[in-house]
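Beneath this line is the structure, given in structure tokens, with notes to follow.
Only the coordinates and a few stated rules stand behind these numbers; no lab work does. Note that the coordinates shown come from a computational prediction; the quantities given were computed from them, not determined experimentally. So basically every Cβ, Gly included, is an ideal-geometry build from the backbone, and we count neighbours across all protein chains shown.
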Amino acid sequence: MFELCPCLDSLYAGVPDEIALRSLADLGFRHFEFWDWRTHDLEVLAKARAAYGLHPVVFSANTFAEPLVSTRAHPAALTQIRQSVAHAARLGTTALVIHVGYAAAGDTREKQWEAAVAALRRGGDLAAEAGVQLLVEPLNSAVDHPGYFLDSLSQARRLLEEAHHPSIRLLLDVYHLWVMHPDLLADLPAVVAITGHVHVADAPGRHEPGTGTIPWPAVMNLLSDGGYRGLLGLEYFPSTDVSSSLLASRRVLGLESHDTRDAHRRSGTR
């Protein structure tokens, strides 16, 4: 059975980390993720593991300000990766999202592609030294990220093949890919084996599963049949209160358990 990994930044926007983490623990979750360590209290996050038994699973290695597609940004990107790897060791995190970035003005796509491959290889070496995995995430350029360089599954697969590094895998964001791929269900089987983490949100709207048009039972079956055994990151913006949204996500994804029913009673929801 898959386990869920709620994202602090999308689910608890503006809520202090301590309160958000306590809420997740009360709801019976064991994992969480977040975006940028620079905007969080790392001391609070480090204590959460001991206090609540919560494991910080993944966060970003670099930001959009250090695009891998630009060789000019590589020194800054590698500095960010080094810092992130150090924080990952402190938090017990073993996966970091690596952002390829937005297309760079003035450079050909071929040149940007070569820059991204070179940066991924160097970043992969840094990650390997620390026993951390880098996750490459294609983002949709149609709605949320116009101009993003890596916006399709086929491109992401090719980029990983050319980087050819054992410490680099795919972050499969079902929402972003559904926006870009009307035939996503046909494309998924080819990439499940190279997937290191999965993000979940429905489309349109980017709210919790069950609020849009994505056929979640089919997606879940394809992930399971393809051998994926990792976590499902809940990176969506709730359409209702967070507790109800999280519990509804479990039901829609077919992951309701005794622990979750206990969480219903503790949170007062049904």
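Tell me, in nm to one decimal, what length is gained between Phe64 and Ser152 on full extension, where the rule is 0.36 nm per residue of separation less the Cα-Cα distance?
On the way: separation 88, 0.36 × 88 = 31.68 nm, distance 1.77 nm.
Full extension from Phe64 to Ser152 adds 29.9 nm.
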* **Interchain or long-range residues, amide H under 5 Å from Val58's placed H** => Phe34
* To do: First obtain the Kirkwood hydrodynamic radius of the stretch 109-151 from its Cα pairs, then insert it into the Stokes-Einstein equation at 37 °C and 0.692 mPa s, and state the resulting D in µm² per second as a whole number.
  => 278 µm²/s
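What's the extension gain from Arg121 to Ala218 if we count 0.36 nm per residue and subtract their Cα-Cα distance?
31.5 nm
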* For the stretch 43-48, what does the Karplus curve 6.51 cos²θ - 1.76 cosθ + 1.60, with θ = phi - 60°, yield as ³J(HN,Hα) per residue in whole Hz, taken in order and with x for Gly and Pro? -> 5, 5, 5, 5, 6, 4
* Using modelled amide H (1.01 Å from N, peptide plane; none on Pro or chain starts), what sits under 5 Å from the amide H of Gln133, excluding residues fewer than 5 places away? -> Ala95, Leu96
* Structure fact -> Note: the chain at 20 °C, 1.002 mPa s; Kirkwood Rh on alpha carbon pairs; Stokes-Einstein D in µm²/s works out to 114 µm²/s
* To do: Please find, in a Gaussian network model of the chain (springs between Cα atoms separated by less than 10 Å), the residue of Thr63, Thr39, Thr94 whose mean-square fluctuation is greatest.
  => Thr39
* Asked: So, with +1 on the Cβ of K and R and -1 on the Cβ of D and E, and no other charges, what is the size of the charge dipole of the chain about its Cα centre, to the nearest 20 debye?
  -> 440 debye
* **Net length gained if the chain between Arg229 and Glu114 were fully extended (0.36 nm per residue, minus Cα distance)** => 38.2 nm
* Structure fact -> Across Ile19, Ile168, Ile81, the residue with the highest GNM fluctuation in the chain (Cα network, 10 Å cutoff) is Ile19
* Mean residue ellipticity (222 nm) of the chain, computed from DSSP H runs ≥ 4 via -39,500 (n - 2.57), nearest 500 -> -13000 deg cm²/dmol
* Structure fact -> Simple SL model, points at 7 angstrom along Cα→Cβ for Ala50 and Ser239; separation in nm is 4.2 nm
* Structure fact -> Among Ala86, Ala190, Leu247, the residue whose Cα sits farthest towards the positive end of the charge dipole of the chain (+1 at Cβ of Lys and Arg, -1 at Cβ of Asp and Glu, taken about the Cα centre) is Ala86
* In terms of modelled amide H atoms, which long-range or inter-chain residues lie less than 5 Å from the amide H of Gly230? -> none
* Structure fact -> Expected max-MSF residue from Val100, Val69, Val143 in the GNM of the chain (alpha carbon, under 10 Å) is Val143
